[in-house]
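S.K.: If you scroll down you'll find the structure; I have some questions about it.
The values are calculated or read from the model by the stated rules, or taken from the named source; none is laboratory data. This is a predicted model, so every value here is computed, not measured. Cβ placement follows ideal geometry from the backbone for every residue including glycine, while neighbour counts extend to all protein chains displayed.
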Amino acid sequence: MWIQLDLLRTPFSLDHSLSCGQTFRWEKQGDCWIGVANRAVLKVWQNSGMLKFKSSSNKINAEFVRRYFRLDDDLPLIYSKIAKDGHVKEAVTQFHGLRLIRQEPWECLISYICATFKNIPAIKQMIRNLSMRFGRPITFEGYEFYAFPEPESLADASLRDLRSCKLGYRAESIREAARVVCSSKLNLESLKALSYAEAKKVLMALSGVGAKVADCVLLFSLEKLEAFPIDVWMKRVILECYSQYFEHGFLERVRSKTSLSAREYEVFYGFGRRYFGECLGYAQEYLYHYKRCAKQPA
């Protein structure tokens, strides 16, 4: 199956969108990408304005692929809103067509609890371990893949079994989140209808979910483009590129520490919201990817 794109009106780069660190279940093989989404295997490749795909499930159709890759976002309009300076303009030029991925909220939540204080290879390994241990196997093109575990599977798991997936201290938080979801105390889909602030407050009531994890879940799965995840990379971007917008004493305090206090995080978020506007989540992803790639050895 395939989707024809008008790249002038609908800029899209499959490579940039899947390599920028926002999602963890995709691998590039030759000229195509293979991943697991919506509990099905999806194989996608792009030839200029042609986006082709195959799946293990007939539920994965063109409509799903368009939504998953957020082809409904007006990216040229978003560029016009966030390209406020040379830093963002350079990032947009280098990674033109990068789109946020519309992830499934449950998987996104657990993935970003796993992501605390871990690099991307380690995060991918934890998610792979969880899926192999607790997820449903899927056969596709002669290979075995695994769906992401259902909440019930993780809610009923022992801490010993969860820790065997190399989760470390995150095992308790992951099981607790699964139990809250299974108890119907939290309907993740319903958070889409709440304001950004209300939805963030609900998420941060969960064990293992701080401001950064909550912002990632809000941005990548709950339709909150005003979320602005601030990790070590974004802290560097702000300090190196936007220091003129902060008081000297505040900057000195932030530079002297490895992590941000809740108040410091909110100060950075407030800057981002005022400066970039309602689509600051897109600005974050472009700047984040730009900074990471600039630091990687050639």
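S.K.: Among (1) touching a residue at least 60 places away in the same chain (Cβ under 8 Å); (2) touching a strand residue (DSSP E or B) at 6+ places or on another chain (Cβ under 8 Å); (3) surrounded by fewer than 21 Cβ atoms within 10 Å (Cβ to Cβ), there is one condition Ser131 misses while meeting the rest; what is its number?
M.R.: Every condition holds for Ser131 apart from (3).
S.K.: Next question. Test each condition in (1) on the phi < 0 side of the Ramachandran plot; (2) modelled with pLDDT of 95 or more for Gly97 and report the one that comes out false.
M.R.: Failed condition: (1).
S.K.: Anything in segment 77-99 that is in a helix (DSSP H, G or I), closer than 23 Å to Gln4 by Cβ and within 21 Å of the chain's Cα centre (by Cα)? List them, or say none.
M.R.: Here is the first cut: in segment 77-99, the ones in a helix (DSSP H, G or I) are 77-82, 86-94.
Now drop any that are not closer than 23 Å to Gln4 by Cβ, which leaves 77-79.
The answer is Ile78, Tyr79.
S.K.: Looking at this structure, is Ala197 out of contact with any Phe, Trp or Tyr (no Cβ under 9 Å at 6 or more places or on another chain) and in the same structural domain as Glu172 (by TED's automatic domain parsing)? Explain how you work it out, then say what you get.
M.R.: On the way: out of contact with any Phe, Trp or Tyr (no Cβ under 9 Å at 6 or more places or on another chain): yes; in the same structural domain as Glu172 (by TED's automatic domain parsing): yes.
The answer is yes for Ala197.
S.K.: Here is a list: Leu239, Leu194, Leu218, Leu251. Which entry is crowded, with 21+ Cβ neighbours inside 10 Å and among the aliphatic types (A, V, I, L, M)? Full working, then the answer.
M.R.: Values: Leu239 fails: crowded, with 21+ Cβ neighbours inside 10 Å; Leu194 fails: crowded, with 21+ Cβ neighbours inside 10 Å; Leu251 fails: crowded, with 21+ Cβ neighbours inside 10 Å.
Sole residue among the options that is crowded, with 21+ Cβ neighbours inside 10 Å and among the aliphatic types (A, V, I, L, M): Leu218.
S.K.: Could you tell me which of the residues Thr10, Thr23 is under 21 Å from Leu219 (Cβ atoms), among the hydroxyl-bearing types (Ser, Thr, Tyr) and at pLDDT below 95?
M.R.: Numbers: Thr23 fails: at pLDDT below 95.
Unique residue meeting the criteria: Thr10.
S.K.: For segment 11-30, what are the residues that are touching a helix residue (DSSP H, G or I) at 6+ places or on another chain (Cβ under 9 Å), within 22 Å of Leu109 (Cβ to Cβ) and either among the aliphatic types (A, V, I, L, M) or in a loop (DSSP other than H, G, I, E, B) (or both)?
M.R.: The answer is Cys20, Gly21, Gln22, Thr23, Phe24, Arg25.
S.K.: Answer with yes or no whether Ser111 is closer than 28 Å to His289 by Cα, in a helix (DSSP H, G or I), touching a helix residue (DSSP H, G or I) at 6+ places or on another chain (Cβ under 9 Å) and at pLDDT 95 or above.
M.R.: Numbers: closer than 28 Å to His289 by Cα: yes; in a helix (DSSP H, G or I): yes; touching a helix residue (DSSP H, G or I) at 6+ places or on another chain (Cβ under 9 Å): yes; at pLDDT 95 or above: yes.
Considered against the rule, which asks whether it is closer than 28 Å to His289 by Cα, in a helix (DSSP H, G or I), touching a helix residue (DSSP H, G or I) at 6+ places or on another chain (Cβ under 9 Å) and at pLDDT 95 or above, Ser111 comes out as yes.
S.K.: I'm told Trp33 meets every condition in (1) assigned to a strand (DSSP E or B); (2) modelled with pLDDT of 95 or more; (3) more than 26 Å from Pro149 (Cα to Cα); (4) among the hydrophobic types (A, V, I, L, M, F, W, C) except one. Can you identify the failing condition by its number?
M.R.: Every condition holds for Trp33 apart from (3).
S.K.: Now for a separate question. Which one of these is at pLDDT below 95 and within 21 Å of the chain's Cα centre (by Cα): Lys118, Lys124? Give the steps one after another, and end with the answer.
M.R.: On the way: Lys124 fails: at pLDDT below 95.
Exactly one of Lys118, Lys124 is at pLDDT below 95 and within 21 Å of the chain's Cα centre (by Cα), namely Lys118.
S.K.: In this structure, is Leu98 surrounded by 17 or more Cβ atoms within 10 Å (Cβ to Cβ), touching a Gly at 6+ places or on another chain (Cβ under 7 Å) and outside the structural domain of Arg179 (by TED's automatic domain parsing)? Before you say what the answer is, go through the steps one by one.
M.R.: Values: surrounded by 17 or more Cβ atoms within 10 Å (Cβ to Cβ): yes; touching a Gly at 6+ places or on another chain (Cβ under 7 Å): no; outside the structural domain of Arg179 (by TED's automatic domain parsing): yes.
Judged against the criteria, Leu98 is not a match.
S.K.: What pairs come out if I take residues in segment 252-275 that are basic (Lys, Arg) and pair them with residues that are modelled with pLDDT of 95 or more whose C-beta lies under 8 Å away, six or more apart or interchain?
M.R.: Partner pairs satisfying both residue conditions: Arg253/Glu264; Arg255/Leu239; Arg273/Glu226; Arg273/Phe228; Arg273/Leu280.
S.K.: Just name the residue that is surrounded by the most Cβ atoms within 10 Å (Cβ to Cβ) out of those in segment 43-76 that are small (Gly, Ala, Ser) and not in a strand (DSSP E or B).
M.R.: If we filter segment 43-76 for residues that are small (Gly, Ala, Ser), which is where we start, we get 48-49, 55-57, 62.
Now narrow it down to the ones that are not in a strand (DSSP E or B): 48-49, 56-57, 62.
Working: Ser48: 7, Gly49: 13, Ser56: 18, Ser57: 15, Ala62: 14.
My answer is Ser56.
S.K.: Return the pair list, or none, for Cβ contacts closer than 8 Å from residues in segment 45-57 that are touching a residue at least 12 places away in the same chain (Cβ under 8 Å) and closer than 16 Å to Trp26 by Cβ to residues that are part of a loop (DSSP other than H, G, I, E, B) and among the β-branched types (Val, Ile, Thr), at least 6 apart or on different chains.
M.R.: From segment 45-57, the pairs are Phe53/Ile60.
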